[in-house]
Amino acid sequence: MKRILTKPLTNLILAVSAFQASTALAQMDHSAMQMEASATTVDGRDPHAYSDGYTLTEGPYAQPGPRQLKLADEHAFWSVLVDRLEYQKDNDSTVYDAQAWYGTTFNRFVIKAEGDISNGTLEESSTDLLWGHALNAYFDTQLGIRLDNYRDGKDRRWLAMGVQGLAPYWFELDVAAYVGEDGRTAFTAQAEYELLLTQKLILQPRAELNLYGKDDLDNGLGSGLSDLALGLRLRYEFNRQFAPYIGVEWTDTYGDTADYRRSAGRDTSDTQFVAGLRFWF
Amino acid sequence: MTGMYGALIIEPRAGERYPAQQDHVIQLSDWTDEDPMRALSKLKVQSDVYNFNQSTFFDFTDDVSKMGLQAALEKRQMWNQMRMSPTDLADLSAATFTFLMNGTTPAGNWNGLFQRGDRVRLRFINAASNSFYDVRIPGLKLTVIQADGQDVEPVTVDEFRFGPGETYDVMVEPQDDAYTIFAQSMERSGYARGTLSVRQGLTAPVPEPDSPEWLTMKDMMGAMGGGAMGHDMMKMDSMGQTKMDHSQMSGGMAMDHSMHGMQQGSDNPLAKPSSTIRHARTEYGASVDQRVDTPSTNLDDPGIGLRNLSQRGLRPQGHRVLTLADLQSIDGVLDDRRPPARELELHLTGNMERYSWSFDGLEFGKSTPVSLRHNERVRIILQNDTMMTHPMHLHGMWSELETDQGELRVRRHTIPVQPAQRISFLTTPHDLGRWAWHCHLLFHMDAGMFREVVVS
């Protein structure tokens, strides 16, 4: 079962990586491609056709020196969203899942941090440091590194490339492929949906799955589909930026990951009741 | 939004064309206690952060019980597919704003006086940062005599909508003791209010704001919104049949005329505005979330939330809402009768999810100026590829609105362009220099819907 799974999965990861790389290339080539398009595309009106060659800093009546007027499209904005900061009762652990960004509308530095704290120490954490660039109206490509830390395992470093954004029917998607040391590969996908029961009471289903290209004995992760988590959280937005919630999270492990857990005497699947806070600023 | 403002009234040297016994300035604004730039940055994070009129799960179940599961799903399908909100009528709302009339809250109730039998001139100024107002005075007919400070043929209506930067001067002849001046915001989250009365302290009933209306297919797709694709929506939307027919007609007319133009050939091809849609190549990118290929070109649409109010039982029979088609400059105002020598087309664009606004998909920082020649007669076509109304303000020269048949209508400085609408205006730039041209919703302007115009 494991062998059958592994190969297609590795291929999938490679395919996603290739897609990412080509997207990144396409983005970089953007300006050159556009120049060509203007000459050949019939419908592609030249947005600079009315400028007579003048720019915001050159031409009649232009003010000398650097341009004074810069609007919000050239300003940097930032945000920190703590999507989940929750206590899991049965594990007696605290889980955090946050994302912060700094940048403009189309180019952003992004940090994603996820981790698990129990008995006062950080049990495991995963932190992505990414450069985000707008791919289309709704999605950003993200390129960077991911750092995994384990209290009882071996830390891992990865190159990360992913896509994050809003899919039709309002699904928030976050999909990433990773290439690590020693030929390790990984793939994660997350999806969230917000169902408004009222303007302030919001039910959020959430799904996350992780795949690995290679067994990782040190950290108890098997190749192939490693784990799947499904959660349902009900939050009340006192205001849009501050919302406590309660919920339930079900996780299941598969393949070697499940085997490792079994041999360590742990359950392969798990249902947790959670209570937490979602907030952003 | 914050800070100070005032009204500047310039009286004509020869006196007012329509004398009045009373003259009141009614300046509407919107106030927030938040730092405006903080409010903008919240919209950058979550563009529906101030919208508390969103469609909920229970709205859906209500629709299912009223119209059946399939119809309820169909009603939402296009919106969900396109990741657009049908209640996205404004970016901000009473969640952060207090709507003010002459700087006074609705509870403060600004009071203007008159004597019975007076002709009263009300100078309505929308000085809001980001809010359209729908204004009416229950019990009074409003005779619009000026738009943007320019005399128009008097037109009598019951209600009008105006956006930031627009002004309307209105004559009323009150007979009762007290009237409420009621200005609800376009997204229906609140209102500004004041009273006209014969003595201080009187009040008249204050209407409830209307419930917010979903944007329609017409607002998304323009003229084709009434066609086959919109059929299912049409049954369900409160929008009337007549509006639909009308928009279809105008679409058809525009197409016919472009064909005439081609057949005749020898006539001035610029006699009428071009009806060929030409999207800029920069509209095909991350900055733009939709483009309209079948814009409506009629000027007689009062806009979302103001259509067929009498038929829907929201206003008395015969209630008339001002539209752009009702406005005609009085003789002599439009003094340059030359046909345009050339035609420029620009599209109003945006990405609601990223909260980014632009012309032709280019925010100000990426744009180049629009270059106009001194004293030339030029036509500018504006097509709105977004689902919001943009009050477009061109500084330094007039915007002389024409119909889709090239008939000059009215001189404005700020023209509201409705969702999926294509309008055109002529201008003669007399004054040299660099001028601003922008959406007067100030957050749209700041987010990039801003161009420089060079007159040289």
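Using modelled backbone amide H atoms (1.01 Å from N, in-plane), which distant-in-sequence or interchain residues come within less than 5 Å of B:Val410's amide H?
B:Ser329, B:Leu401
Could you work out [θ]222 nm for chain A from helices alone, using -39500 (n - 2.57) per DSSP H run of at least four and dividing by all its residues? Round to the nearest 500 deg cm²/dmol.
Calculated mean residue ellipticity at 222 nm is -5500 deg cm²/dmol.
What angle do you read, to the nearest 10 degrees and between 0 and 90, between the alpha-carbon axis of helix A:30-40 and the longest principal axis of chain A?
The helix A:30-40 is inclined about 50 degrees to chain A.
Under a 5 Å amide H to amide H cut-off, with H placed in plane at 1.01 Å, what residues pair with B:Val288 once short-range neighbours are removed?
none
Could you compute Rg(Cα) / (2.2 N^0.38 Å) for chain B, with N its residue count?
Computed over Cα atoms of chain B, the ratio equals 0.96.
Using modelled amide H (1.01 Å from N, peptide plane; none on Pro or chain starts), what sits under 5 Å from the amide H of A:Arg45, excluding residues fewer than 5 places away?
Amide H neighbours of A:Arg45: B:His279, B:Ala280, B:Arg281.
Which trypsin sites (Lys or Arg not before Pro) in region B:293-366 pass both tests, a DSSP loop state and at most 13 other beta-carbon atoms within 10 Å?
When the trypsin sites (Lys or Arg not before Pro) of region B:293-366 are filtered for loop state and at most 13 Cβ neighbours within 10 Å, B:Arg312, B:Arg337 remain.
Taking beta carbons within 10 Å but only from partner chains, what does the mean come to for residues B:25-31?
Numbers: counts 0, 0, 0, 0, 0, 0, 0.
Rounded to a whole number, the mean comes out at 0.
Partner chain Cβ atoms within 10 Å, averaged over the residues of B:380-387 - can you pull that number for me?
0
Take every Cα pair under 8 Å in chain B that's 6+ residues apart, average their separations, divide by the length, and report that relative contact order as a whole percent.
Over chain B, the number comes to 15 percent.
So what is the 222 nm mean residue ellipticity for chain B from helices alone, if each DSSP H run of at least 4 adds -39500 (n - 2.57) and you divide by all residues, rounding to the nearest 500 deg cm²/dmol?
The helix contribution divided over chain B gives -5000 deg cm²/dmol.
Kirkwood hydrodynamic radius of region A:105-228 from all distinct Cα pairs, in Å?
For region A:105-228, inverting the mean 1/r across all distinct Cα pairs yields 15.9 Å.
Over all directions, how big on average is the projection of the convex hull of the alpha-carbon atoms in the protein assembly as shown, in square nanometres? Present the calculation step by step, with values, prior to reporting the outcome.
On the way: hull surface 146.4 nm².
Average projection, Cα convex hull of the protein assembly as shown: 36.6 nm².
Which listed residue (A:Leu143, A:Leu173, B:Asn111) has the Cα farthest towards the positive end of the charge dipole for the protein assembly as shown, taking +1 on Lys and Arg C-beta and -1 on Asp and Glu C-beta about the Cα centre?
Going by the Cα projections, it comes out as B:Asn111.
Assuming R0 = 45 Å, can you tell me the calculated FRET efficiency for the pair B:Met37 and B:Asn109, based on Cβ-Cβ distance, to the nearest 0.05?
Working: r = 31 Å, r/R0 = 0.70.
For R0 = 45 Å, the calculated efficiency reads 0.90.
Taking the alpha-carbon distance from B:Lys366 and a cut-off under 12 Å, which aspartates and glutamates remain once sequence neighbours fewer than 8 residues away in the same chain are dropped?
A:Asp73, A:Glu74, B:Glu452
Taking every pair of alpha-carbon atoms in region A:219-271, what share in percent sits in each 10 Å bin, from 0 to the bin with the longest distance?
24, 35, 20, 18, 4
If each residue's Cβ is checked for other Cβ atoms within 10 Å, how do B:Glu407, B:Glu159 rank with the fewest at the top?
B:Glu407, B:Glu159
Order by neighbour count: A:Thr253, A:Thr121, fewest other Cβ atoms within 10 Å first, most last.
Ordered by Cβ neighbours within 10 Å, fewest first: A:Thr121, A:Thr253.
Using R₀ = 30 Å, calculate the FRET efficiency as 1/(1 + (r/R₀)^6) where r is the Cβ-Cβ separation of B:Leu69 and B:Ser310; round to 0.05.
The computed FRET efficiency comes out at 0.40.
If the chain between B:Asp293 and B:Gln21 were fully stretched, how many nm would it gain, using 0.36 nm times the residue separation less the Cα-Cα distance?
Additional length available on full extension: 92.9 nm.
Using a 10 Å cut-off on Cβ to Cβ distances, tally the other chain neighbours for every residue of B:276-282 and report the average as a whole number. Walk me through the numbers on the way to the answer.
Working: counts 1, 2, 5, 4, 8, 10, 7.
The per-residue average across the peptide is 5.
In percent, how large is the relative contact order of region B:30-127, given Cα pairs closer than 8 Å and 6 or more residues apart?
Rounded, it is 38 percent for region B:30-127.
Computed from the coordinates by the stated procedures, all read-outs in this text should not be read as laboratory data. Just so it is clear, the structure is predicted and the values come from calculations on it, not from any experiment. Using ideal geometry, Cβ is built from the backbone for each residue, glycine included, and neighbour counts are taken over all protein chains shown.
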